[in-house]
Amino acid sequence: MDKRLLLDSERPNWEYAQVVVGAFLAVMYTVVAMILPAWRLPVLVCAAMFGCVAIAYYRPARRRQRFLSKSTNGELSFCTYAQAAQKCADPAHAEDVWLGECYPWQSRNCQQAQEILRKDWQSHHAASRLAAEKKRIFKERPLWSLLHYPTYLRTVNEQIKRVASYPGYGWIQNLEPAQDCYMPVQVAQGHSLILGTTGAGKTQTLSFLIFQEICRKPRQAVIVIDLKGDESIERSMREACRQSRRVGDFRMLQMARPESSMRLDFCANAARPSDIASRFADATPDPGGQSRPFIEMARGHLTKICNGLAMIGRKPCPKALLHYFRNRVEFAELILREYIATQRSIGAAPEGFELKSAFLKDLETFYRCHCNRVEEVDAVIELAEIDEQFLQKTTSSMSNLLELLTTGDVGRLFSPDEETDRIEPLTDLRKLIDQRAVVFIGLDALSNSGLARAVGSLLMADLAALAGARYAHERNMNKVAIFIDECSELATEPFVQMLNKARGAGFRMTIASQTIADFTEKLGSKAAQERVLANVNVLLALRTLDAETQQFFSDRCGKTTTQMAEYSTSTAATSQGLLASAKVDSFRVKETEVPLLPAMLLGALPTCHFFAILSGGYLVKGQIPILVDTLPKAAKGKCNGKR
């Protein structure tokens, strides 16, 4: 094996020297040909040969210089909203997802990375940073740099005292020439997972992917659930709607701004009344698992209320559930009156017997003596007879959750209200999807994390029920793109069911989390975590500092072999005499099996840089551009401008 293949990462830019020498000799031979007419033809042939050498090595020299000069800078890439919309409108990529600038990560890149990390590459790149900083400042202020040269040098030296201009190792992106990378939408049908620590670029990555889904033709429903309610995502979605002429499709539920939010019924798509009780039980906080028996008890009580409301033709909502949960006698009287009236209307109850009063005891007596007994009514009567203090102690968690969902402006968002319904009627997820709406749901977790998780869990349960109904009863369904940031906070059974089965209902999910350990914590076991990860078809990792997450991603990438050069020199005495010796130099290459992607590189990625495992194990290294209104000054005139 050629030694240069192993030492390529630290060698000088030989190609640049070949370009300079070739160009210089081509010019010199051309001048000589003009001076000596008699030798003009052969001299011009030589000049052309040297010119061809310079041209042939020009692109490799540029590529090598790009690696040497920029390898310490984790540059940010930018793209305007208008440029991104133009790319989305390109018919050649109408069914593709643009991933920014990427290159395939192969065995040779693993070899290069290991060689770079083994050497003292920081000292070389410190010199490169100094040269780049001098060039940048001189370009911005040329006259000042010449007139105040000592100050100019001092400014440059102060700038390079920083540990790094940008976080991460920029040379990872420059190991190969990167170009625009597109992933077919069909590849992402099995859902996508984005992993990255705080500040690694998860929000920018989500905004970039959401923008494309909103601009995609034909129109589709896009639902974004963000626990924090990030304004940058909302702004990006509004701009995407403007660029794609879908301004009227944008709907927002922002719990931090209820006065300007739409109103949403997350109980509308339940298949059975008991499902609603299960949703609220799953959304009830249970720190440490100590309250599970009491939550199950509250689930049973809430099921009785939901069945009773369904029997008299009323829709459950948080306000109604809380009211009747606290006023069970009133609820029992309501159910008995409605049921007795129904029985009389069909002739099942005698008309001659009159009720002594409308109180529970008399209603119950009449029901037991003169009406057909039904399980739902018996359950409501049983609920009304439970001791009040005992019920308060055992179901306080459920009661507190319902109170959170019905208090103040938040209660107006999720429950019917006669005055508000005239201005902004309640809608539900099925209607929004049928309208192909663009929906942003911000849960304001920074203000009230418990309420945000509860609402998110209820939304996931409603989506799961809707997916089941679409799968069972609908054909030719319109596609739905769902994006969830900090998805581990919503990791409940409905969330797992969505990953398992929602693809057949036309749902495509893109979820983001900081670590895979978050799923274990929320779901309660490693096996449950594997249920989530097994349903992810595309895995994208930004900078992540968690060792378990790094190892998980590295293991998914597989193994490869790398070569290590070993040198040895030995001397030995010969039979020619005591002073005679022989020197032996040896060189050998040893192959070692290593991970295709070293885990530590995931902790050294610059902001918005990523590794992605696409369908079938195809591994790419790429960089997501940040969407902006106008390009920064240093990036003017460039699509994917760098800074």
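The values are calculated or read from the model by the stated rules, or taken from the named source; none is laboratory data. What you see is a predicted model, and the numbers here were worked out from it, not measured in a lab. All Cβ positions, even for glycine, are placed from backbone atoms using ideal geometry, and neighbour counts span all protein chains on display. SASA here: full protein model, heavy atoms, side chains in, ligands and nucleic acids out. Shrake-Rupley method; radii C 1.70, N 1.55, O 1.52, S 1.80 Å.
For region 387-408, give me the residue count where each residue is more than 19 Å from A320 (Cα to Cα) and surrounded by 13 or more Cβ atoms within 10 Å (Cβ to Cβ). Of the residues in that region, 1 qualify.
When region 279-298 is limited to residues that are without any contact (Cβ under 8 Å) to a residue 60 or more places away in the chain and assigned to a helix (DSSP H, G or I), the one that is farthest from V496 (Cα to Cα) turns out to be P293. R64 meets each of the listed conditions (1) at pLDDT 75 or above; (2) in contact with an Asp or Glu (Cβ under 8 Å, 6 or more places away or on another chain); (3) charged (D, E, K, R) apart from (1). Residue check: I172 meets all listed conditions (1) within 16 Å of the chain's Cα centre (by Cα); (2) at pLDDT below 95 but one, namely (1).
The condition of being of a type in the set (D, E), at pLDDT below 90 and either more than 35 Å from the chain's Cα centre (by Cα) or crowded, with 17+ Cβ neighbours inside 10 Å (or both) holds for only one of D282, D286, D265, that being D282. Can you tell me which residue in region 203-219 is least open to solvent (accessible area, probe 1.4 Å), limited to those that are touching a residue at least 40 places away in the same chain (Cβ under 8 Å) and outside any helix (DSSP H, G or I)? Result: R216. Would a scan of region 432-447 turn up a residue that is assigned to a helix (DSSP H, G or I), out of contact with any helix residue (DSSP H, G or I) (no Cβ under 9 Å at 6 or more places or on another chain), of a type outside the set (V, I, T) and within 23 Å of D485 (Cβ to Cβ)? Looking for residues that are assigned to a helix (DSSP H, G or I), out of contact with any helix residue (DSSP H, G or I) (no Cβ under 9 Å at 6 or more places or on another chain), of a type outside the set (V, I, T) and within 23 Å of D485 (Cβ to Cβ), one finds at least one in region 432-447, hence yes.
Please work out if Q186 is touching a Leu at 6+ places or on another chain (Cβ under 8 Å) and assigned to a helix (DSSP H, G or I). So Q186 does not fit the description; no.
Output the residues belonging to region 358-384 that are part of a helix (DSSP H, G or I) and hydrophobic (A, V, I, L, M, F, W, C). Selection gives L360, L363, F366, C369, V377, A379, V380, I381, L383, A384. Only residues that are in contact (Cβ under 8 Å) with a residue 40 or more places away in the chain and either among the hydrophobic types (A, V, I, L, M, F, W, C) or crowded, with 23+ Cβ neighbours inside 10 Å (or both): list them for region 503-526, please. Passing the criteria: F507, M509, T510, I511, A512, S513, I516. For Q497, the conditions (1) open to solvent by 20 Å² or more (accessible area, probe 1.4 Å); (2) touching a Ser or Thr at 6+ places or on another chain (Cβ under 8 Å) are fulfilled apart from (2). Pairs meeting the criteria (first residue in region 233-252 and of a type in the set (F, W, Y) and crowded, with 16+ Cβ neighbours inside 10 Å, second residue modelled with pLDDT of 95 or more and assigned to a loop (DSSP other than H, G, I, E, B), beta carbons under 9 Å, at least 6 apart or on different chains) are F250/A437.
In the condition set (1) touching a Pro at 6+ places or on another chain (Cβ under 8 Å); (2) surrounded by fewer than 23 Cβ atoms within 10 Å (Cβ to Cβ), M460 is compliant with all but (2).
Cβ-Cβ distances below 6 Å connect the following pairs, each with a first residue in region 467-489 that is under 22 Å from K228 (Cα atoms), a second residue that is open to solvent by 30 Å² or more (accessible area, probe 1.4 Å) and not polar (S, T, N, Q), and a separation of six or more residues or different chains: S488/D518; S488/K522; E489/R453. Condition (residue is modelled with pLDDT of 90 or more, open to solvent by 50 Å² or more (accessible area, probe 1.4 Å) and either of a type in the set (G, A, S) or outside any helix (DSSP H, G or I) (or both)) applied to region 23-36: is it met by at least one residue? No; the residues of region 23-36 include none that is modelled with pLDDT of 90 or more, open to solvent by 50 Å² or more (accessible area, probe 1.4 Å) and either of a type in the set (G, A, S) or outside any helix (DSSP H, G or I) (or both). Any residue at all in region 181-202 that is within 22 Å of V536 (Cβ to Cβ), touching a His at 6+ places or on another chain (Cβ under 6 Å) and open to solvent by 20 Å² or more (accessible area, probe 1.4 Å)? Within region 181-202, one or more residues are within 22 Å of V536 (Cβ to Cβ), touching a His at 6+ places or on another chain (Cβ under 6 Å) and open to solvent by 20 Å² or more (accessible area, probe 1.4 Å). Would you be able to say whether some residue in region 422-429 is modelled with pLDDT under 85, open to solvent by 80 Å² or more (accessible area, probe 1.4 Å) and farther than 25 Å from I482 by Cα? Looking through region 422-429, at least one residue is modelled with pLDDT under 85, open to solvent by 80 Å² or more (accessible area, probe 1.4 Å) and farther than 25 Å from I482 by Cα.
In region 220-229 there is no residue matching the filter, namely being surrounded by fewer than 21 Cβ atoms within 10 Å (Cβ to Cβ) and under 20 Å from I624 (Cα atoms). Could you list all residues from region 598-613 that are part of a loop (DSSP other than H, G, I, E, B), in contact with a Lys or Arg (Cβ under 9 Å, 6 or more places away or on another chain) and either more than 15 Å from N174 (Cα to Cα) or open to solvent by 20 Å² or more (accessible area, probe 1.4 Å) (or both)? Passing the criteria: only T607. If the condition is being free of Cβ contacts under 8 Å to residues at least 60 places away in the same chain and within 16 Å of A281 (Cα to Cα), then region 397-412 contributes N400, L404. Residue count for region 234-282 under the criterion of being out of contact with any Cys (no Cβ under 9 Å at 6 or more places or on another chain), over 26 Å from N400 (Cα atoms) and charged (D, E, K, R): the result is 7.
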